[in-house]
Amino acid sequence: MAKVVHIKTFGCQMNERDSEIMGQLLSQNGYVYSDMPEAADLILVNTCSIRDKAEQKVYSLLGQLRELKEKNRHFRQIRIGVCGCVAQQEGRKIIERMPHVDLVLGTQQLYQLPALLDQLEKGELHHKVALDLDANFAIPPFQQLLRETPTQKSSAVARPVQRYVNIMQGCNNFCSYCVVPYTRGREISRPLADILEEVELLVAQGVREITLLGQNVNSYGKTNRVADQAITFPDLLRAVALVQGLKRLRFTTSHPKDLDRGLIRCFAELEVLCPHFHLPVQSGSNQVLARMNRGYSAEEYLAKVEELRRMRPDIALATDFIVGFPGESEQDFVATIQLLQDVRFHSSFSFKYSDRPQARSTGFADKIAEDIKSERLARLQQKQTEISLAWNIMLMHKKVEILVEHISAQTGRGRSAANQVVHFQLQPGRSMPAVGDITHVLIEHAGPHSLRGIAQ
Ligand code: SF4
């Protein structure tokens, strides 16, 4: 009888893609997927450690899974595995703290999952901790993955026409607050041919939108230890943009210091490249940016935004902010609000600073009090909401082109090329567009985080 797997994913798109990969590897080894942890023989928790809060969520879930495992121990043996960045960061400590966990899998060990489960099944092991982070690690060739077996139900199925494609792993930037270089290792880029093969197959399977993933996509190919030394990120974008049938191309995440003219020109020249760019700035204060080791000043960031808007006037910019970084004065924070107002981002993710294991800033003095962090976060988010609403109101009574993501009887939802969520209703007598169709919606209502209108 087929074994049942359930995967709980925390954190970023990279983790979502890793969960898809684990799901596919397991479905090739006779597992079927279930949305219900209660029905599972194997429960994988794919974790994120970008913030303290994310880590706490993992431990509270593992606590609940202990009860589930205990409750079922007379009927079936449930295996629990922890993977992702908290697994890489905490390692054996997880099993010491949570002895009901069977497997701790580091960020480069995903592909070992079937073999390790086999060893556990055969009783060769009681627990397994696999954390090797190898500087010469090579992301396995795509073919091995046999993308998307029909039995595989994963988050991919939830977005049948949009897919993530990994182009690289790891980061060499060592921003002083960040744990990623320690949990995901050094930058490793996938060969271009492998990425293209994956994109071509996905488009042949009906995928309309591809998002290229990496912690710092702008340095794709720069620190390669694989074949395609000369390939840059703009080259990769241009090659993917030529894939027949692809309607939309996106990518995340970029580092402003590596944003060059070549990439900016792609936004002006590549029709399938969506005019939406997530460019994390983190702070508007040069003093704070220097202590974050971000490698650019607020002025340099603004100059790149100006050039981007000159080359692609309709580009929608999004970003990340950290408030309450050690030593951040009220004046520093005001500089962040000022930068937000100068750039007028369409949207932003904003968080309170929290210490991370191994990150340099954890050792910094002059930490900011929690209530001050909360007050600053609220002010920044209030300002962002006002700006996002103002951008969306500009679309009132206009027709917006969307990629349809979800439909039901009389209503549907899609996304504009600028990444705005658009809910729509049908005009009487009109037929519902299909998921994957590109259609137009006449906007009748604008909110800060979404739009609503009538499909045309
Ligand atoms: S660029 Fe900085 S913040 Fe982003 S993953 Fe790398 S070290 Fe972390």
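The values are calculated or read from the model by the stated rules, or taken from the named source; none is laboratory data. None of these values were measured; they are calculated from a predicted model. Here the Cβ is made from the backbone with ideal geometry for all residues, glycine too, and neighbour counts use every protein chain on show. These accessible areas exclude ligands, DNA and RNA; they are computed on the full protein's heavy atoms, side chains included. Shrake-Rupley method; radii C 1.70, N 1.55, O 1.52, S 1.80 Å.
Checked against the criteria, Val240 does not count as assigned to a strand (DSSP E or B) and more than 16 Å from the ligand (Cβ to nearest atom). Going by the structure shown, is Tyr177 modelled with pLDDT of 85 or more, of a type in the set (Phe, Trp, Tyr) and either outside the structural domain of Ala204 (by TED's automatic domain parsing) or not in a loop (DSSP other than H, G, I, E, B) (or both)? It is false that Tyr177 is modelled with pLDDT of 85 or more, of a type in the set (Phe, Trp, Tyr) and either outside the structural domain of Ala204 (by TED's automatic domain parsing) or not in a loop (DSSP other than H, G, I, E, B) (or both).
Of the candidates Ser347, Ser388, Ser361, the single residue that is buried (at least 16 other Cβ atoms within 10 Å of the Cβ), touching an Asp or Glu at 6+ places or on another chain (Cβ under 8 Å) and of a type outside the set (A, V, I, L, M, F, W, C) is Ser361. Where strands (runs of 3 or more DSSP E) sit wholly within region 7-123, none has at least 2 residues that are farther than 28 Å from Arg163 by Cα. Only one of the listed residues (Asp342, Asp355) is of a type in the set (Asp, Glu), modelled with pLDDT of 95 or more and either more than 24 Å from the chain's Cα centre (by Cα) or assigned by TED's automatic domain parsing to the domain that holds Val179 (or both). That residue is Asp342.
Among the residues of region 180-230, those identified as at pLDDT 90 or above and of a type in the set (Val, Ile, Thr) are Val180, Thr183, Ile188, Ile195, Val199, Val203, Val207, Ile210, Thr211, Val217. The residue list Ala369, Ala434, Ala409 contains one member that is without any contact (Cβ under 8 Å) to a residue 24 or more places away in the chain, more than 24 Å from His278 (Cα to Cα) and open to solvent by less than 60 Å² (accessible area, probe 1.4 Å), which is Ala369.
Any idea which residue in region 274-302 is surrounded by the most Cβ atoms within 10 Å (Cβ to Cβ), counting only those that are under 20 Å from the mean Cα position of the chain (by Cα) and away from the ligand (no atom under 13 Å from the Cβ)? Here the residue is Phe277.
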